[in-house]
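Encoded as structure tokens, the structure appears first; notes follow it.
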Amino acid sequence: MNLKHKKESTKGYKYGRKKSLLLPKHCQACGIKYDEDNPHEMRTNHHIWVQRHFHGEGPVEILCQDCHTELDSRIPQRHKLKTKEYQKYFDDFIEEKNKEAKA
Ligand SMILES: [Zn+2]
């Protein structure tokens, strides 16, 4: 019982550390700097495979609130697409936003 407790706490520590190291400072699409005090410049979890059809399964990417809203508005909500097509929506969006940010 003691051993089990020890194992779990070590695992939790490692995970927490790794997660914080991976947290991006800028939006990967528009490049905006994340600001915890501004809701439009906060990190959001975007489910590449829409949750309506996949219920939280599949890859998750971090985007700012504005990009998240814009990307969601492009994806068909009623019709279920192939997972590859959702990935393409995401990749195209990132590419387009990166170009805009540089221009
Ligand atoms: Zn953004």
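The values are calculated or read from the model by the stated rules, or taken from the named source; none is laboratory data. Please read all numbers here as calculations on a predicted model, not as lab measurements. Please note: Cβ atoms are built from the backbone with ideal geometry, for glycine as well, and neighbour counts cover all protein chains shown.
Taking the range 59-72, which residues are more than 10 Å from the ligand (Cβ to nearest atom) and under 23 Å from Lys102 (Cβ atoms)? Residue satisfying the conditions is Glu61 alone. When Gly31 is tested against (1) touching a strand residue (DSSP E or B) at 6+ places or on another chain (Cβ under 7 Å); (2) assigned to a loop (DSSP other than H, G, I, E, B), exactly one condition is not met: (1). Scanning the range 51-93 for residues that are of a type in the set (Asp, Glu) and over 20 Å from Ala29 (Cα atoms) turns up just one, Glu57.
If we scan the range 46-58, do we find a residue that is touching a His at 6+ places or on another chain (Cβ under 7 Å), under 24 Å from Ala101 (Cα atoms), modelled with pLDDT of 95 or more and within 13 Å of the ligand (Cβ to nearest atom)? Within the range 46-58 (the criterion being touching a His at 6+ places or on another chain (Cβ under 7 Å), under 24 Å from Ala101 (Cα atoms), modelled with pLDDT of 95 or more and within 13 Å of the ligand (Cβ to nearest atom)), the answer is yes, since at least one residue qualifies.
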